[in-house]
Each structure stands twice: as structure tokens, then as C-alpha cells.
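Below: the structure, in C-alpha cells.
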């Protein structure tokens with residue numbers, strides 16, 4: 001079971017880390033994060049399909065075609081933990097080495113999208129305050145992983 005968890009966790013982690021590194025290189029300097037988000041979420045769907053593949057592999061090869069919910073859940077959670085750890089480490093390296101201005105650029109893009117969409121001055125002011133707080137909090141390495149983007 002350990003080998004399956006490690007192999008599929010690493011495969012999933014490498015998928016999300018590689019796609020993130022490529023999309024960071026492509027989209028960061030453009031100021032348009034929407035394309036990167038779409039590609040990022042798609043890569044996560046592909047990578048986390050390894051949970052299904054890994055669980056099925058264990059069921060078929062080591063458990064004679066059946067598996068309990070608890071065992072499947074444990075395998076899935078551990079694959080997720082490995083892949084997510086790789087993702088977070090890659091994100092921290094990307095952020096600190098290649099794009100320490102991410103929070104500011106992302107905040108500016110959100111505000112610009114509001115202006116283009118014709119939002120009211122009040123809504124823009126409220127969102128500007130929120131995004132300035134976001135950019136400030138994003139500079140704290142312990143908070144950045146828990147902030148919604």
C-alpha cells in the first residue's frame with residue numbers, strides 16, 4: 001500500500017507542480033491571471049484523478065477486487081497529502097524566487113476587472129480595501145496558503 005500511495009502521490013504532485021511552474025512563467029508577467037487559474041484548476045483535476053487510479057490499483061492488485069470505504073479513504077487522503085505538499089512547496093518557491101509581487105499584481109487585476117465591468121464607485125472602493133488587505137496578508141508565509149484567491 002505504501003508504494004502505491006507514494007507513486008501516485010508523486011505523480012499527482014509532479015503534474016500540479018509542473019503545470020504551475022509553466023503557467024507562472026507564461027502568465028505572471030502578463031498581468032492576466034485568469035488563464036493561469038483555468039489551467040491550474042484543470043491540472044488539479046487531472047492530478048487528483050490519481051487518487052482514483054491509485055485506489056483502484058490497490059483494490060485490483062492487492063485486495064482481490066474489493067476495498068472497504070475506510071481503506072480507500074485512507075489511500076486517497078495520503079495520495080492527496082503528498083500531492084498537496086509538493087504543490088505548496090512549489091508554490092512557495094515560485095512565489096519567493098520568481099514572483100514576490102503576486103499579491104499586488106493579483107489585487108490590481110481584480111480591481112481593474114471591476115472597473116472594466118462598470119461596477120459602482122462604492123463597490124470598487126470596497127474591493128480595493130479588501131484587495132489591499134489581501135496583498136498585505138499575502139506577504140505572511142503562514143497566511144498565504146489559507147487565503148482564497
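Some notes on this structure:
- Taking label points 7 Å from Cα along the Cα-to-Cβ direction, residue 71 and residue 101 give a separation of 5.4 nm.
- The chain, helix-only ellipticity at 222 nm - DSSP H runs n ≥ 4, -39,500 (n - 2.57), divided by all residues, nearest 500: -26500 deg cm²/dmol
- 24 Å tail of the calculated P(r), the stretch 1-100, as % of Cα pairs: 31
- Here residue 60 and residue 92 are evaluated by their C-beta separation; at R0 = 41 Å the FRET efficiency comes out at 0.70.
- FRET efficiency, 1/(1 + (r/R0)^6) with R0 25 Å, evaluated for residue 85 and residue 136 via beta carbons: 0.40
- Computed label-point distance, nm, for sites residue 113 and residue 45 using a 7 Å Cα→Cβ extension: 1.8
- Gaussian network model of the chain, springs between alpha carbon atoms under 10 Å - residue of 33, 73, 48 with greatest fluctuation: 73
- Take each peptide in 3-13, 116-126, count the other Cβ atoms within 10 Å of every residue, and average; sorted highest first, the result is 3-13, 116-126.
- Counting neighbouring beta carbons within 10 Å and listing from fewest to most, the residues 69, 134 come out as 69, 134.
- Within the listed set 24, 129, 85, the residue fluctuating most in the Gaussian network model of the chain (springs between alpha-carbon atoms under 10 angstrom) is 129.
Rule-based calculations on the coordinates, nothing more; no lab input. On a predicted model such as this, the values are computed, not experimentally measured, just so you know. Every residue, glycine as well, gets a Cβ built from its backbone with ideal geometry; the counts of neighbours run over all protein chains shown.
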